[in-house]
Amino acid sequence: MLSLSFKPKTALQEIELGERYGVSRTPVREALRHLLDEGLVQRDGRFYRVTELTPTDIRDIYEVREALETTAVRFCIERADDEAMAKLSAIVDEQADALARDDTPAFAALDGMFHLTIAAAAQNAFLLRQLVSTHDKVRLVRGREAVKPGWVERAIVEHRRILSALHRRDVAVADAEMRYHINSFARLHLGLPQQPIEMLG
């Protein structure tokens, strides 16, 4: 998964990257080409830059993410065993602990783990690969929620609501909760007003 060691718009040069990671230019060049294919970097003359997503890019990514994640929820409910459900519960508990410790990096990592564990439990390898790629792009816009009062707490609440629906094997509610959760963060990143979380009851 993308680590976001370099912020959006950061210039990337093969020689500097090779020196930083102790490798020759060939693997660096191959890695940059792969990132270019994934849309995570862009060409800037002879060099590359980490992609900075436009509002339209963000909208497009979150529309696709919503479709993929709601599909993952449905297959997770159909195919996941009790062990997978217990793992999801543990992840949410660990995320709450990270929040209590004010450990933002751990919180963010567990956030992604929660969603990708649902995708893994859906037992569809192609779907999982698509979501891993989508989450890499989402990480290019992450961080805004950490500076908005109440947003990390809100993520925990929404995860618990999704988890509750998954444990009940309630496809309709799990779909609605996941759709609401993805839409909440899309609206945050696009600077749009939010709907109250109580809307789903």
Restricting the search to the range 23-49, which residues are surrounded by fewer than 16 Cβ atoms within 10 Å (Cβ to Cβ), without any contact (Cβ under 8 Å) to a residue 60 or more places away in the chain and within 20 Å of Gln130 (Cα to Cα)?
-> Arg33, His34, Leu36, Asp37
Got a sec? Which of Arg59, Arg65, Arg74, Arg79 is assigned by TED's automatic domain parsing to the domain that holds Ala165, out of contact with any Pro (no Cβ under 6 Å at 6 or more places or on another chain) and under 30 Å from Gln13 (Cα atoms)?
-> Arg59
For Ala155, state whether it is under 28 Å from Glu52 (Cα atoms) and either surrounded by 16 or more Cβ atoms within 10 Å (Cβ to Cβ) or hydrophobic (A, V, I, L, M, F, W, C) (or both).
-> yes
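Here's the yes/no breakdown for (1) surrounded by 15 or more Cβ atoms within 10 Å (Cβ to Cβ); (2) hydrophobic (A, V, I, L, M, F, W, C); (3) at negative phi:
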site: Tyr21; (1), (2), (3): no, no, yes
site: Ile58; (1), (2), (3): yes, yes, yes
site: Glu69; (1), (2), (3): yes, no, yes
site: Phe75; (1), (2), (3): yes, yes, yes
Kindly indicate whether any position in the range 115-122 is more than 22 Å from Leu35 (Cβ to Cβ), assigned to a loop (DSSP other than H, G, I, E, B) and at pLDDT 95 or above.
-> yes
Taking Leu163, is it modelled with pLDDT of 95 or more, buried (at least 17 other Cβ atoms within 10 Å of the Cβ), within 26 Å of Pro8 (Cβ to Cβ) and assigned by TED's automatic domain parsing to the domain that holds Met85?
-> no
Residue by residue through the range 12-57, note down the ones that are touching a strand residue (DSSP E or B) at 6+ places or on another chain (Cβ under 9 Å), closer than 30 Å to Leu192 by Cα and not basic (Lys, Arg).
-> Leu35, Leu36, Leu40, Val41, Gln42, Val50, Thr51, Glu52
Filtering the range 7-19 for residues that are exposed (fewer than 11 other Cβ atoms within 10 Å of the Cβ) and among the hydrophobic types (A, V, I, L, M, F, W, C) leaves a count of 1
Going by the conditions given, is Leu140 assigned by TED's automatic domain parsing to the domain that holds Val73 and under 12 Å from Ala72 (Cβ atoms)?
-> no
Among the residues of the range 9-54, how many are under 23 Å from the mean Cα position of the chain (by Cα), among the small types (Gly, Ala, Ser) and part of a helix (DSSP H, G or I)?
-> 1
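The values are calculated or read from the model by the stated rules, or taken from the named source; none is laboratory data. Everything numeric in this text was worked out from a predicted model, so none of it was measured. Cβ atoms come from the backbone with ideal geometry, glycine included; neighbour counts cover every protein chain shown.
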